[in-house]
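The values are calculated or read from the model by the stated rules, or taken from the named source; none is laboratory data. Here the structure is a predicted model, which is why all the values come from computation and not from measurement. We place every Cβ from the backbone using ideal geometry, glycine too, and count neighbours over all the protein chains shown. Side chains are part of the model used for accessible areas, which takes the heavy atoms of the whole protein and leaves out ligands, DNA and RNA. Shrake-Rupley method; radii C 1.70, N 1.55, O 1.52, S 1.80 Å.
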Amino acid sequence: MKILLLGSGAREHALARALVADPATTELVVVPGNPGIAEIATTFKADPSSASDVTALAAEMGAELVVVGPEAPLVAGVADALREAGIPVFGPGAKAARLEGSKAFAKEVMAAAGVPTAEAAVCSTFAEFDAALDRFGAPHVVKDDGLAAGKGVVVTSDRNEALAHGLACLAREGGRVLVEDYLDGPEISLFCVCDGATVVPLAPAQDYKRLGDGDAGPNTGGMGSYSPLTWAPQDLTEQVVTTIAQPVVDEMARRGATFIGLLYCGLALTGQGLRVVEFNVRFGDPETQAVLARLTSPLAGLLHAAATGRLHEAPAPTWSDDAAVDVVLAAPGYPGEVDRGGRITGVGQAQAVPGVHVLHAGTGRDYRGRLIATGGRVLSVVATGQSVAAARARAYEAIGLIHLDGAQVRTDIAADR
Ligand code: GLY
């Protein structure tokens, strides 16, 4: 099978690794990819959000499957253009991608499908927003309605901080902001592969969104992850599929917005039961790095079955009993203004630690071909082991061998799990 994969992060490096491990894969092209992906697949510089460029490339290479990594191409309608050209694609069309692109739309779908989530007020004016902050009280949960590259959500007890974030969201053209009830309890990410009707869950994972140890500091795209969640209820996956993913997929079909792709269920396990925190319409980053490290069945066949409406016929994914832990190495300045260009050394030594592989994200090569940091999250160091603690020890041993001046690494990923 010839596959085109869109994206350039560690999530796409993990996807590329799993796709090339599937014997059904005969060719993998990644747009635009990164230096790590270039070691295992063909990379090609093009804009993954350009529907015309992606469709032309997919047609030229004879792609039998296109897998879309990030959300931006989905919201931009790249999957629609590919489907119109008759090319199977794993990723929802723009109408279904609104589940991530508009938090107000996601709330509307959940209400219609009877899916449990936090109560929310959707505000279009300052007066509505100000009143909602008073009505819901602290801690304030303020969410940008639209896509915000991981910077859309602020949870704070400081009313001024909540006000500032909400005002910034409202200031954008057509801007809306949601104020929600605070959901107390551990967060869980469960990815569901969907073909518009059938839902196949992957293994649950947990990510660490804040920059600093102990969940201190600003929100980031994610600083680490692990799987499995040995502390979670035994029937967690079944509960999520039955009460959340399947009703949402059915409701989307009823609306004529068939959901084909990855439904990322971001959940809180509250005292009152599971509640949806958010939906995303693509694989999560950094959870994918840990989840796919445990996958023992072919990925390309599964995603192709979803893209072609045959998920009910596909063998269920299988999982290693081993645990996986992913620790992210971020550049100085992240998640603010990032210092780029720093030399990265020690990746080879890190990969020599048993059970470890290193995935690239914000990396590039300098004029001498040496590895440098080019983005916020630079590397994901993934380790497997017989327990979460064993995997964690290997991940930290390996990341300790990598050097980047000013690198930021949380030291408590998967601690006490
Ligand atoms: N791990 C959070 C995300 O992928 O959005």
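Here are a few things to note about the model shown:
- Of all residues in the range 160-200, those that are touching a strand residue (DSSP E or B) at 6+ places or on another chain (Cβ under 7 Å) and either part of a helix (DSSP H, G or I) or of a type in the set (A, V, I, L, M) (or both) total 15.
- Pair list, Cβ under 8 Å, 6 or more apart: the range 285-300 residue touching a residue at least 24 places away in the same chain (Cβ under 8 Å) and within 11 Å of the ligand (Cβ to nearest atom), other residue assigned to a helix (DSSP H, G or I) and of a type in the set (Lys, Arg): Asp285/Arg11; Pro286/Arg11; Thr288/Arg11; Gln289/Arg11
- In the set Val141, Val154, Val122, only one residue is part of a strand (DSSP E or B) and open to solvent by 50 Å² or more (accessible area, probe 1.4 Å); that residue is Val122.
- Qualifying positions in the range 301-326 - closer than 17 Å to Ala16 by Cβ and surrounded by fewer than 24 Cβ atoms within 10 Å (Cβ to Cβ): Gly301, Leu302, His304
- Single residue of the range 267-279 satisfying the filter (within 12 Å of the ligand (Cβ to nearest atom) and open to solvent by 10 Å² or more (accessible area, probe 1.4 Å)) that is nearest to Lys103 (Cα to Cα): Glu278
- Candidate set: the range 216-232, residues that are within 30 Å of Thr156 (Cβ to Cβ) and more than 14 Å from the ligand (Cβ to nearest atom); chosen: the one most open to solvent (accessible area, probe 1.4 Å): Trp231
- Some residue of the range 254-266 being farther than 25 Å from Leu65 by Cα and within 16 Å of the ligand (Cβ to nearest atom): yes
- Ala81 vs. criteria part of a helix (DSSP H, G or I), farther than 20 Å from Gly7 by Cα and at pLDDT 90 or above: no
- Yes/no for Tyr334 being in a loop (DSSP other than H, G, I, E, B), surrounded by 22 or more Cβ atoms within 10 Å (Cβ to Cβ) and not β-branched (Val, Ile, Thr): yes
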